Amino acid sequence: MSRTEAPPLPEPLRVPVADSHTHLDMQDGTVEEGLARAAAVNVTTVVQVGCDVKGSHWAAETAAAHPSVHASVALHPNEAPRIVHGDPEGTARQGAREPGGKAALDEALAEIDALAALAHVRAVGETGLDFFRTGPEGVAAQEESFRAHIEIAKRHGKALVIHDREAHADVLRVLVDAGAPERTVFHCYSGDAEMARICAAAGYFMSFAGNVTFKNAQPLRDALAVAPTELVLVETDAPFLTPAPYRGRPNAPYLIPVTLRAMAEVRNTDEDTLAAAVYDNTARAFDF
């Protein structure tokens, strides 16, 4: 089996569900094809997430053109240090970049702010902290960007979508310190059960991705088991984090049923009940 070959369509869900976080602009095929495949398995709604200025404009335009797509706009945590300090190696998809300093970050944030005002943009994110890819020199730029996104989300009454990688304590600290928006979503939840209890007490949504199916992900399954039903979402983060048994192959919204069924098993509930709850939660989180 080729690692580049798309996995087959799973058995459709009986109850419609939403993919709370996807990157259609990074997937093969057209948006229309991706949405049609998703709809064929009863994944009827997706949240398209921007990670930089260009991607956020694309997310907003795509949501405007497709009723089943909702947009989230942001500078990814790894994007902020690239803007401020430059990226001579071109480590990200965008290629090499000259340092722009604080002025360039402010300019990029102003564009995100303008997009966040649009009706079909439902959220601000993915924003947060990522200490996996960014070293100590980029932490200040990340935190400044994160705090600016929190302010933008609150001012426009939008949800906040959080990217938290190896930075749990600092992400929670900034949310408490800055004051989290009313609707806050931990995308690709990566904490343990103890952190899930902290998030639940604060009313933060926890969105689980395909990595909840990985063999080594018992702490994630433990977190899913204790998360309150009304705060649980499902996502693909496609084209990344393809669920087992297709790990390593391209992910897409149509694979949500694979992850949702695994989640239902962990939570000892039936897939219809979980799908209905997840759809309602996603609609509440993103106000659609």
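The values are calculated or read from the model by the stated rules, or taken from the named source; none is laboratory data. Fair warning: this is a prediction, and the values are worked out from it, not measured in the lab. Cβ sites come from the backbone with ideal geometry, for glycine too, and all protein chains shown count toward neighbours. Accessible surface areas use protein heavy atoms only, side chains included; no ligands, DNA or RNA. Shrake-Rupley method; radii C 1.70, N 1.55, O 1.52, S 1.80 Å.
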Once normalised by the length of the chain, the mean sequence separation of its alpha carbon contacts under 8 Å that are 6 or more apart gives a contact order in percent of 21 percent
Vicinal HN-Hα couplings computed from phi for segment 130-137 (Karplus, 6.51 cos²θ - 1.76 cosθ + 1.60; Hz; Gly/Pro x): 9, 8, 7, 9, 9, x, x, 5
Show log10 I(q)/I(0) for segment 38-195 at q = 0.15 Å⁻¹, two decimals, from a solvent-free Debye sum over equal Cα scatterers. -0.77
Round to a whole number: what % of the accessible area of segment 42-130 belongs to carbon and sulfur, probe 1.4 Å? 56 percent
Checking the cross-link filter: which aspartates and glutamates have an alpha carbon closer than 16 Å to that of Lys54, excluding same-chain neighbours under 8 positions apart? Asp25, Glu79, Asp106, Glu107, Glu111, Asp113, Glu126
Accessible-area composition of segment 136-288, carbon plus sulfur, in percent [1.4 Å probe]: 53 percent
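What number comes out for accessible area per residue over the chain if the probe is 1.4 Å? Units Å², please.
Heavy-atom SASA per residue in the chain reads 42 Å².
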When the expected Rg is taken as 2.2 N^0.38 Å, what fraction or multiple of it is the alpha-carbon Rg of the chain? 0.94
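For the full complex of protein chains and a 1.4 angstrom probe, list His70, His149, His168 by accessible area with the highest value first. Kindly include the intermediate steps, with their values, before the conclusion.
Values: His70 20, His149 0, His168 60 Å².
Largest to smallest exposure gives the sequence His168, His70, His149.
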Counting only protein heavy atoms and leaving out ligands, DNA and RNA, the solvent-accessible surface of Arg173 at a 1.4 Å probe, in Å² to the nearest 10, equals 100 Å²
Give me the Debye-computed log₁₀ of I(q)/I(0) at q = 0.12, 0.17, 0.23 Å⁻¹ for segment 14-127, equal point scatterers on Cα only, no solvent, two decimals. -0.45, -0.81, -1.19
Out of every Cα pair in segment 1-71, what percent are spaced more than 15 Å from each other? 56 percent
Give the dimensionless ratio obtained when the Cα radius of gyration of segment 188-247 is divided by 2.2 N^0.38 Å. 1.07
Can you quote the Å³ per residue value for the convex hull of the Cα atoms in segment 118-196, rounded to an integer? 95 Å³
Inter-label distance, nm, simple model (7 Å from Cα along the C-beta direction), Arg284/Ala114: 3.6 nm
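For segment 108-240, what is the convex hull volume of the alpha-carbon atoms per residue, in Å³? Display every interim value, and only then the final one.
On the way: hull volume 15.7 nm³, N = 133.
In segment 108-240, the Cα convex hull volume per residue is 118 Å³.
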Between His66 and Lys102, with labels modelled 7 Å along Cα→Cβ, what's the label distance in nm to one decimal, could you check? 4.0 nm
Segment 43-112: GluC sites (Glu not before Pro) falling in loop per DSSP and having at most 11 other Cβ within 10 Å: Glu89
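Treating only the Cβ of Lys, Arg, Asp and Glu as charged (+1, +1, -1, -1), what charge dipole size does segment 216-288 show about its Cα centre? Round to the nearest 20 debye. All intermediate terms of the calculation are to be shown ahead of the outcome.
Values: 6 positive and 10 negative charges, 68 e Å.
Taking the Cα centre of segment 216-288 as origin, the dipole is about 320 debye.
Quick one: plug the Kirkwood hydrodynamic radius of segment 49-89 (C-alpha pairs) into Stokes-Einstein at 4 °C, 1.567 mPa s, and report D in µm²/s.
Working: Rh = 10.9 Å.
Using the Kirkwood radius from Cα pairs, D works out to 119 µm²/s.
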For the chain, what does -39500 (n - 2.57) per DSSP helix run (n ≥ 4), summed and divided by total residues, give at 222 nm, in deg cm²/dmol to the nearest 500? -13000 deg cm²/dmol
In whole Hz, the Karplus estimates of ³J(HN,Hα) for segment 146-152 (6.51, -1.76, 1.60; θ = phi - 60°; x where Gly or Pro) are 4, 5, 5, 5, 4, 5, 4
